[in-house]
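Here is the structure we will look at, set down as structure tokens.
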Amino acid sequence: IEDITGGKVLLRIISNLADKRIVKAWTKVPPTSIGGEEVVDRIVYAWAFAASDPYRAATHNKGIMNGIVAVALATGQDTRAIEAGAHAYACKDGRYKPLTIWQKDENGYLDGYIEVPLAVGTVGGSIRSNPMARLALKILGVSTAKELAEVMASVGLAQNLAALKALSTEGIQKGHMKLHARQLALAAGASPNEVDKVVELMLKEGVFTLEKAKEALSRVRST
């Protein structure tokens, strides 16, 4: 480079904005599988909100990356590089935008699309020395970086759909509280066969404390 330009090389590093390794994924969702036409409309409206407002888009894309980074962690990828590249790509048109698009087609189906840069690998030092990463790749059934990137983009799209559906209908708080109730049930000493019953009682009464979990467990065991 110095010979060609006549200049001097100062930095020896590549960019994490891997815009030559763009991955795309699509889905078409029947309205009957997600709660009907009204839910489809709500998801499209939620996406439009993110498309018009960078504050909402930041949280929208964070949810997408929840899915992508989970796969990246499991397979030994550089999660910080992936995050940096994705958020930089979201600004490629001069304004921060969602990495996904959600629209309703002429038949009322929900069409989803994601486009994201993903520089990942399935061979190399960190993966070779990490048996859990190799196991994760085996479970996924992928053998190339292209296949892994396609899985990651698909997971990001699915994660985004789940988040938008929850946010535009019952809200994510309900899901969070159910998860919290399960953790409390386990902390109270519930067995795997008892957890769901304890959670059901806690959700019905709307109280989420360890004492309430112990009380619910006692009631389950007394029946």
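Points to keep in mind about this one:
- For ALA185, the test of being under 30 Å from HIS60 (Cβ atoms) and either small (Gly, Ala, Ser) or in the same structural domain as LYS62 (by TED's automatic domain parsing) (or both) is failed.
- Segments classed as helices (runs of 4 or more DSSP H), wholly inside the stretch 163-223, with at least 2 members that are under 30 Å from TRP47 (Cα atoms): 172-187
- Contact annotation: residue pairs with Cβ atoms under 9 Å, 6 or more positions apart or on different chains, pairing a residue in the stretch 23-40 that is assigned by TED's automatic domain parsing to the domain that holds ALA162 and among the hydroxyl-bearing types (Ser, Thr, Tyr) with a partner that is in a helix (DSSP H, G or I) and surrounded by 15 or more Cβ atoms within 10 Å (Cβ to Cβ), are THR27/SER154; THR27/LEU157; THR27/ALA158; THR27/LEU161.
- Residue, surrounded by the fewest Cβ atoms within 10 Å (Cβ to Cβ), within the stretch 102-119, restricted to residues that are assigned to a loop (DSSP other than H, G, I, E, B) and over 17 Å from the mean Cα position of the chain (by Cα): GLU106
- Some residue of the stretch 8-19 being closer than 21 Å to GLY112 by Cβ, in contact (Cβ under 8 Å) with a residue 60 or more places away in the chain and either exposed (fewer than 14 other Cβ atoms within 10 Å of the Cβ) or out of contact with any helix residue (DSSP H, G or I) (no Cβ under 7 Å at 6 or more places or on another chain) (or both): no
- ASN130 being over 30 Å from VAL39 (Cα atoms) and not aliphatic (A, V, I, L, M): yes
- Residue that is of a type in the set (A, V, I, L, M, F, W, C) and at pLDDT below 90, where the choices are LEU161, LEU179: LEU179
Condition check ((1) in contact with a Ser or Thr (Cβ under 6 Å, 6 or more places away or on another chain); (2) at positive phi; (3) not assigned by TED's automatic domain parsing to the domain that holds PHE49) across all residues:
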site: GLY141; (1), (2), (3): no, yes, no
site: ALA149; (1), (2), (3): no, no, no
site: ALA158; (1), (2), (3): no, no, no
site: PRO192; (1), (2), (3): no, no, yes
site: LYS204; (1), (2), (3): no, no, yes
site: LYS212; (1), (2), (3): no, no, yes
site: GLU215; (1), (2), (3): no, no, yes
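- Of everything listed in (1) surrounded by 15 or more Cβ atoms within 10 Å (Cβ to Cβ); (2) within 20 Å of the chain's Cα centre (by Cα), the single unmet condition for HIS176 is (1).
The values are calculated or read from the model by the stated rules, or taken from the named source; none is laboratory data. Please read all numbers here as calculations on a predicted model, not as lab measurements. For neighbour counting, all protein chains shown are included, and Cβ atoms are generated from backbone atoms with ideal geometry for every residue, glycine included.
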